[in-house]
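The values are calculated or read from the model by the stated rules, or taken from the named source; none is laboratory data. The structure displayed is predicted, hence computed values, not measured ones. Note that each Cβ is placed from the backbone with ideal geometry, even for glycine, and that neighbours are counted across all protein chains shown. The accessibility values were calculated without ligands, DNA or RNA, using every heavy atom of the protein model including side chains. Shrake-Rupley method; radii C 1.70, N 1.55, O 1.52, S 1.80 Å.
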Amino acid sequence: MARTKIAIDGCGTLTTATILPHLMQPDFRELAEVVAVCDIVLERAREAAEAHGIRAWFPDLASMLSRSDAEAVLVIVPHAIHAEHARAVVASGRHVYVQKPMAPTYEEGRALVDEAKRAGIKLVAAPGQALWPMYDRIREAIEAGDIGAPYWAMPPMMGWGNSTIDFPNDPSWFFGEDAGPLRDHGGYGFQSLVSLFGPAQRISTMAAVTVGERRWNGQSFSVTGPDNTVSTLDFGQGRFGLLPECWCDTTPSVRFFRILGLEGAIETDAETFNGLDILPIGATVRPMNKAPFRIEVPLDSVEFTSGPHPSLGHVHVYGDILHLVHCIRDDAQPIASGELGLHFVDAVEAAFRSAETGQAVGLRRVKAS
């Protein structure tokens, strides 16, 4: 089978420092090749292309779609235009991977999902927590009754402590009204909870700007969007999830997943894969009146954690992209689907309505992909 032809929309730090190094590895290049990149700063696109031997670069997505022979496009642009760009990719007949959150509004996300379905397009939406085997192992333990009926869970939280931010490039956009910890990081915890308990039914949230001014590289910037949120999710049948998301956390002790049941509990290890709190590799199941036991992920069984990839950073993003390639090549429906991405977009909108009104807000039903 010929290699799948990939194009990348956006040549910022995530693309140049992480995604392209992954996609240039021999194991990925056996499956796919990057044939084009684009960026509104043409020099960035040119530099990325020349650094990695990519034959074509373009100043915008429209030019790349009209002149490239790519079969799929990775949308790696700012949050606010994710859905706009992904819909343009779908309209051109290409498969698409879109970074989180999939859309700025539910309506835009719903249109993207529906258009992709009508066109027979593979749509993979980050983050692909459902692709990580540990969540399968935890769910299997729950379904086996090892902790009785589950009633409460909390995924890992993380953030930037201190008023001075240590980051390789300007992080101020993370603190704006269109970003913030819930939109940027909340999808990991949300989708982890959904992978265990199914779709959430309603959400109740508090949100605030806790630190109004931050500093980076000797310069101050204003925090204009909530940098501290906490949500309670109702999954039905008396099952609740707590989703704290902030840019203020400095405590590694809270960076593990815990699931409480009527007859026991499950706690993931503080040790995680690649130093990523979102990828636990071991957990202890603690049934009441029984000896605890371990569940673990055999890392050599996970394709995207093998070879050089762990050393290249953001291995979960590479896992999402690899999933899209396999779905295209095998004509399979994505597990990290557009519907799951849309469910998170709905939850974010509902969360901020809840914070404004002080009331719990219901979520729309998730449709089958």
The conditions are (1) more than 20 Å from Arg255 (Cα to Cα); (2) out of contact with any helix residue (DSSP H, G or I) (no Cβ under 6 Å at 6 or more places or on another chain); (3) not in a loop (DSSP other than H, G, I, E, B), and Val211 fails exactly one of them. Which is it? (3)
Residue that is farthest from Ala265 (Cα to Cα) [pool: residues in segment 160-171 that are open to solvent by 20 Å² or more (accessible area, probe 1.4 Å) and within 20 Å of the chain's Cα centre (by Cα)]: Phe167
Conditions (1) modelled with pLDDT of 95 or more; (2) open to solvent by less than 20 Å² (accessible area, probe 1.4 Å); (3) touching a Gly at 6+ places or on another chain (Cβ under 8 Å) -> Pro127 fails only (1)
Say we look at segment 12-27 and pick out the residues that are assigned to a loop (DSSP other than H, G, I, E, B) and in contact (Cβ under 8 Å) with a residue 60 or more places away in the chain; which of these is surrounded by the fewest Cβ atoms within 10 Å (Cβ to Cβ)? Gln25
Considering segment 90-111, residues that are over 21 Å from Ile19 (Cβ atoms) and either among the hydrophobic types (A, V, I, L, M, F, W, C) or touching a Cys at 6+ places or on another chain (Cβ under 8 Å) (or both), and then whichever is surrounded by the most Cβ atoms within 10 Å (Cβ to Cβ), we arrive at Ala111
Quick check on my filter: what residues within segment 60-84 are assigned to a helix (DSSP H, G or I) and open to solvent by 40 Å² or more (accessible area, probe 1.4 Å)? Ala62, Ser66, Arg67, Ala80, Ile81, Glu84
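What number of residues within segment 172-216 are more than 28 Å from Ala130 (Cβ to Cβ), surrounded by fewer than 21 Cβ atoms within 10 Å (Cβ to Cβ) and either of a type in the set (Asp, Glu) or touching a Ser or Thr at 6+ places or on another chain (Cβ under 9 Å) (or both)? Before the answer, list the steps.
To start, the set of residues in segment 172-216 that are more than 28 Å from Ala130 (Cβ to Cβ) comprises 172, 175-177, 208-216.
With the extra rule that they be surrounded by fewer than 21 Cβ atoms within 10 Å (Cβ to Cβ), the set shrinks to 172, 176-177, 208-213, 215-216.
Then drop every residue that is not either of a type in the set (Asp, Glu) or touching a Ser or Thr at 6+ places or on another chain (Cβ under 9 Å) (or both), which leaves 172, 176-177, 208-209, 211-213, 215-216.
Summing the residues that are more than 28 Å from Ala130 (Cβ to Cβ), surrounded by fewer than 21 Cβ atoms within 10 Å (Cβ to Cβ) and either of a type in the set (Asp, Glu) or touching a Ser or Thr at 6+ places or on another chain (Cβ under 9 Å) (or both) in segment 172-216 gives 10.
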Kindly evaluate Glu303 against the criterion of being surrounded by fewer than 17 Cβ atoms within 10 Å (Cβ to Cβ), among the acidic types (Asp, Glu) and out of contact with any Leu (no Cβ under 7 Å at 6 or more places or on another chain). no
Would you pick out the residues in segment 46-59 that are in a helix (DSSP H, G or I) and either surrounded by fewer than 18 Cβ atoms within 10 Å (Cβ to Cβ) or touching a Gly at 6+ places or on another chain (Cβ under 9 Å) (or both)? Arg46, Glu47, Glu50, Ala51, His52
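Of everything in segment 306-348 that's among the hydroxyl-bearing types (Ser, Thr, Tyr) and more than 18 Å from the chain's Cα centre (by Cα), which residue is most open to solvent (accessible area, probe 1.4 Å)? Explain how you work it out, then say what you get.
So the first thing to find is which residues in segment 306-348 are among the hydroxyl-bearing types (Ser, Thr, Tyr), and the list is 306, 311, 318, 337.
Keeping just the survivors that are more than 18 Å from the chain's Cα centre (by Cα) gives 306, 311.
On the way: Ser306: 45, Ser311: 97 Å².
Result: Ser311.
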Near pairs, Cβ below 6 angstrom, 6+ apart or cross-chain, from segment 256-282 (at pLDDT below 75) to any residue that is not hydrophobic (A, V, I, L, M, F, W, C): Thr272/Pro280; Asn274/Pro310; Asp277/Pro156; Asp277/Arg255
Within segment 28-43, does at least one residue satisfy the condition of being outside any helix (DSSP H, G or I), among the basic types (Lys, Arg) and without any contact (Cβ under 8 Å) to a residue 40 or more places away in the chain? no
